[in-house]
Amino acid sequence: QRLSVSFTEAEGAPMLLNTNGNFLAVTTSTNCIKLMDVSRKEPRPVGSTCGKFVNPDDNSEIGAIRSITVNADGTRLAVLSDRVHGALKIREPDSKLYVYDSDRDVVDNYDFKDVGRIPVSCFWDSKEGKLCSCETRLGGSNSKSDSSATDKKKEEKPSSKDKSPNGSPSRVAE
């Protein structure tokens with residue numbers, strides 16, 4: 001059985017797809033979010049027809065979507081994104097995990113910046129629609145880099161008592 005989903009020019013071209021059971025999530029080049037139930041002959045929209053990946057406070061764009069995952073009941077979409085900077089459009093991973101809720105047509109978030117981490121991947125449970133897990137790594141502006149988290153290796157200048165009889169340093173502390 002072949003299913004097709006059409007997009008208007010205003011919605012943009014499909015960029016990312018994800019499925020979980022009978023639900024399909026699609027994000028487009030204009031950051032439009034479509035959630036669909038594909039269990040029937042024709043795909044049926046879940047929630048709003050085209051949700052937007054925007055800040056609910058001021059309706060500004062949040063960033064460039066890099067990964068999506070839909071939950072088991074097709075009502076929520078976890079989104080990982082990048083912040084885009086400057087004319088060269090340099091992408092930097094965002095420290096937030098965003099969750100688009102189609103019932104409320106709103107984007108919620110959890111910021112990992114406070115614990116010095118960046119989300120890398122996200123997964124929903126295949127049966128429970130409210131259970132989400134997120135893999136993170138060290139990073140972000142508040143984090144300590146790997147080298148400082150494990151005490152930066154530095155070379156101490158040996159004192160005269162640390163020198164061997166021939167005058168060369170006998171130890172270097174790390």
Subset tally (residues that are at positive phi and either of a type in the set (Lys, Arg) or at pLDDT 85 or above (or both)) for the range 19-60: 2
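Looking only at the range 15-35, count every residue that is outside any strand (DSSP E or B) and either over 19 Å from GLU61 (Cβ atoms) or β-branched (Val, Ile, Thr) (or both) and tell me the total. Walk me through it before giving the result.
Here is the first cut: in the range 15-35, the residues outside any strand (DSSP E or B) are 21-22, 29-31.
Checking the rest, the ones that are also either over 19 Å from GLU61 (Cβ atoms) or β-branched (Val, Ile, Thr) (or both) come to 21-22, 30.
So the count comes out to 3.
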Boolean, ASP82 is part of a loop (DSSP other than H, G, I, E, B), at pLDDT 90 or above, under 23 Å from SER121 (Cβ atoms) and of a type outside the set (A, V, I, L, M): no
Residues located in the range 51-71, provided they are assigned to a loop (DSSP other than H, G, I, E, B) and open to solvent by 20 Å² or more (accessible area, probe 1.4 Å): ASN55, PRO56, ASP57, ASP58, ASN59, SER60, ILE62
Meets criteria (of a type in the set (D, E, K, R), in a strand (DSSP E or B) and open to solvent by 60 Å² or more (accessible area, probe 1.4 Å)) for ARG2: no
Test for ASP108: is it at pLDDT 90 or above, assigned to a strand (DSSP E or B), in contact with a Ser or Thr (Cβ under 6 Å, 6 or more places away or on another chain) and open to solvent by less than 70 Å² (accessible area, probe 1.4 Å): no
Some residue of the range 62-80 being within 19 Å of the chain's Cα centre (by Cα), farther than 23 Å from CYS132 by Cβ and among the aliphatic types (A, V, I, L, M): no
The listed residue being on the phi < 0 side of the Ramachandran plot and open to solvent by 50 Å² or more (accessible area, probe 1.4 Å), out of GLU92, GLU11: GLU92
The lone exception for HIS85 - which of (1) closer than 18 Å to THR27 by Cβ; (2) open to solvent by 30 Å² or more (accessible area, probe 1.4 Å); (3) not charged (D, E, K, R) it fails: (1)
Matching entry among SER141, SER67, SER133 (being modelled with pLDDT under 90 and of a type in the set (S, T, N, Q)): SER141
Failed item in (1) open to solvent by less than 20 Å² (accessible area, probe 1.4 Å); (2) small (Gly, Ala, Ser); (3) part of a strand (DSSP E or B), with GLY74 passing the rest: (3)
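The values are calculated or read from the model by the stated rules, or taken from the named source; none is laboratory data. These numbers come from a predicted model, not from an experiment. Every residue, glycine as well, gets a Cβ built from its backbone with ideal geometry; the counts of neighbours run over all protein chains shown. Side chains are part of the model used for accessible areas, which takes the heavy atoms of the whole protein and leaves out ligands, DNA and RNA. Shrake-Rupley method; radii C 1.70, N 1.55, O 1.52, S 1.80 Å.
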